[in-house]
Amino acid sequence: MSGPRSLLFVPANRADMLAKAPSYGADALIFDLEDSVPVAEKPKARVLAREFIGKLKAANSIYVRVNALSTGMLRDDLEAVAVEGLAGIRLAKTESAEHIRNVDAMVAEFETKRGLAQDSIEISPSLESARGVWFAYEILSASPRVRSVTCGTAQDGDLQTDLGYTWTAEGNEVMYLRSRVLLAARAAGVEHVLDGAYSNVRDPEGLRVCCEAARKLGYRGKSVIHPNQIATINRVFAPTPQELDYYRRVIEAFDAAVARGSAATTVDGKLVDYAMVGMAKRVLAWAQSLTH
């Protein structure tokens, strides 16, 4: 169940922002080489991203959002950042399993050249189009490097532009999209499913509502575009004290029932058997993973 809840985007062409980023308390950092960096600044951003991976790798989980395969910039991005200390790449605008296989081959090449452990660099696809969401299972099962995925639900983002829905914080209009990506991820064995960014940095209540909608479906984190969003995201995408108390009591009650020769009991009026104990252990393991 381990994985970052909050992943803070930092424009990789801004050395001042890269230097400050670790102080904000996000679970992970995403150095951005894509949409937040002007084309003319991409070479500078690659150099700075590589420099700060080296500087911050001991204390931070670092990802880099690279440019989409279709831009022709991806190989240069990977050559710059596929170094020791890189946890993974956020692959923008992923639309097919072939995208993943092509990127996998490039990453493997750089791992070999630099003496890195094979498959040490994760590929985390971002599904930001109708095609990306539709082919989610094929994409997520295309490589063992794929260990997380993001559904690109940001307001006025590429996915909304592609489909034309009206965005709300409650997210009824993206429930099918989120559900399809989540189901595909679980079917492909991908545990960590992330929601897209919340665009309005001055709307903490809307952020909370948006996070809770995704969390209820089974999402485990969210992209962050401003440090003031981190606390809310970290709080929502974690088991509550009430949940932890209940599931601890579930395990205690079930263990007592088994000792009496039964495989079923009740807690707070609800049936508890092996299936419910499995859920309890899953939630408690999730909580434990967030303490490290």
Let me spell it out: the conditions are (1) assigned to a loop (DSSP other than H, G, I, E, B); (2) crowded, with 17+ Cβ neighbours inside 10 Å; (3) among the polar types (S, T, N, Q), and Thr166 meets all of them except one. Which number is the exception? (2)
Right, Asn172: in contact with a Ser or Thr (Cβ under 6 Å, 6 or more places away or on another chain) and not basic (Lys, Arg) or not? no
Please work out if Ala213 is open to solvent by 20 Å² or more (accessible area, probe 1.4 Å) and in contact with a Gly (Cβ under 6 Å, 6 or more places away or on another chain). yes
From the list Glu122, Glu79, pick out the single residue that is over 19 Å from the mean Cα position of the chain (by Cα) and among the acidic types (Asp, Glu). Glu79
Please enumerate the residues belonging to region 103-142 that are of a type in the set (A, V, I, L, M) and surrounded by 23 or more Cβ atoms within 10 Å (Cβ to Cβ). Val103, Val107, Ile121, Ile123, Leu127, Val133, Ala136, Ile139, Leu140, Ala142
Read through the list (1) closer than 21 Å to Asn234 by Cα; (2) in contact (Cβ under 8 Å) with a residue 40 or more places away in the chain, then give the number of the only condition that Asn60 fails. (2)
Could you go through region 199-215 and let me know if any residue there is farther than 27 Å from Tyr24 by Cβ and either modelled with pLDDT of 95 or more or in a helix (DSSP H, G or I) (or both). no
Give all pairs with beta carbons closer than 9 Å in which a residue from region 122-140 that is closer than 12 Å to Ala188 by Cβ and touching a residue at least 12 places away in the same chain (Cβ under 8 Å) meets a residue that is of a type in the set (A, V, I, L, M) and open to solvent by 40 Å² or more (accessible area, probe 1.4 Å); count only pairs at least 6 apart in sequence or on separate chains. Ala136/Leu183; Tyr137/Leu183; Tyr137/Ala187; Leu140/Ala187
Among (1) free of Cβ contacts under 8 Å to residues at least 60 places away in the same chain; (2) open to solvent by 60 Å² or more (accessible area, probe 1.4 Å), which single condition is Ile225 missing? (1)
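The values are calculated or read from the model by the stated rules, or taken from the named source; none is laboratory data. Keep in mind that what you see is a predicted model, and the values were worked out from it rather than measured. Neighbour counts are summed over all protein chains in view; Cβ atoms, including those assigned to glycine, are modelled from backbone coordinates with ideal geometry. Protein only, heavy atoms only, side chains kept; ligands, DNA and RNA dropped before computing areas. Shrake-Rupley method; radii C 1.70, N 1.55, O 1.52, S 1.80 Å.
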